[in-house]
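Notes for the one structure printed next.
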Amino acid sequence: MAQIVPEGRRRDPNLEHPSEFLPGDPLNWLAHVLLSESTIEFRLGNLLADLVRGDARAVMPIEFVRGAARHKAIDAFTDAHPIVHASRARVAARHRRFSGVLIDIFYDYCLARRWGDFVAEPLPSFTARFYAEAAAHPLDLPPAARATLDRIVQHDLLGQYARIEGVENSLRRVSGYIAKRWQRDYQLEAGAQDLLLQEAEFAGDFAEFFPQLQQHVAKLSHNAH
């Protein structure tokens, strides 16, 4: 999960988090929703933390604020993990600068493809239930957060991760945002080929990493109650 910075900056783009640079773009949304406590407010906070900050977050329900804190904790654990670093190193050199973005999305692909290994409820049922709960409990979100949530629900952007086309679409949207910022087309959607060429290796990394993340999150929930 690497923040992308323009050329000439000294920050290592492969070891930071991308969401501040790419607000609202699809990264590891599916994992954030899954690794939440049961209330819809908590799940929305975990999902939309990067789009609801400062004064806007301060007036949100306490469960939303707790969910946003969980989002930050998940990102910190992931960013520091050596397995994630190993996955980033697998990304082809032409896209290595954006390896954090690609691995965020690749890992959600791995989660969606192997959903049954981690969750008893089928993925389509899980996403449909989340969408229904989000619709039934409208929050007064900032415009960007509301637009993002509406787009997720309307286009089933959580379910899309189970298909390689969904990965390509996600990366294409990220590329579009980067192109607007830097006037350069990095064509990150081509990075989906990195996933296909090394799918077994990425899946192995994810299968080793994700249970550790689940355990970390379970400890956070236990300590909070």
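General remarks:
- Compactness of the stretch 114-154 was expressed as the Cα radius of gyration divided by 2.2 N^0.38 Å, which yields 1.39.
- The label point for Ser125 and the one for Arg172, both projected 7 Å from the Cα toward the Cβ, are 3.2 nm apart.
- For the stretch 130-225, a Kirkwood radius taken over Cα pairs fed into Stokes-Einstein (37 °C, viscosity 0.692 mPa s) yields D = 200 µm²/s.
- Of the trypsin sites (Lys or Arg not before Pro) found in the stretch 117-225, those in coil by DSSP whose Cβ has at most 16 other Cβ atoms within 10 Å are Arg163, Arg184.
- Restricted to Cα atoms, the chain shows a radius of gyration and a Dmax of 16.5, 48 angstrom.
- Cα-based radius of gyration of the stretch 69-191 once divided by 2.2 N^0.38 Å, which approximates compact folds: 1.16
- Where only DSSP H runs of four or more residues are counted, the chain gives -19500 deg cm²/dmol as its mean residue ellipticity at 222 nm, each run worth -39500 (n - 2.57).
- Using every pair of separate Cα atoms, the Kirkwood estimate puts the hydrodynamic radius of the stretch 47-138 at 15.7 angstrom.
- Based on C-alpha pairs under 8 angstrom that are at least 6 apart in sequence, the chain has a relative contact order of 24 percent.
All of the numbers you see were taken from the coordinates with simple rules; none came from a lab. Worth saying up front: this structure is predicted, and the values here are computed from it rather than measured. Every residue, glycine among them, receives a Cβ derived from its backbone with ideal geometry; neighbour counts consider all protein chains shown.
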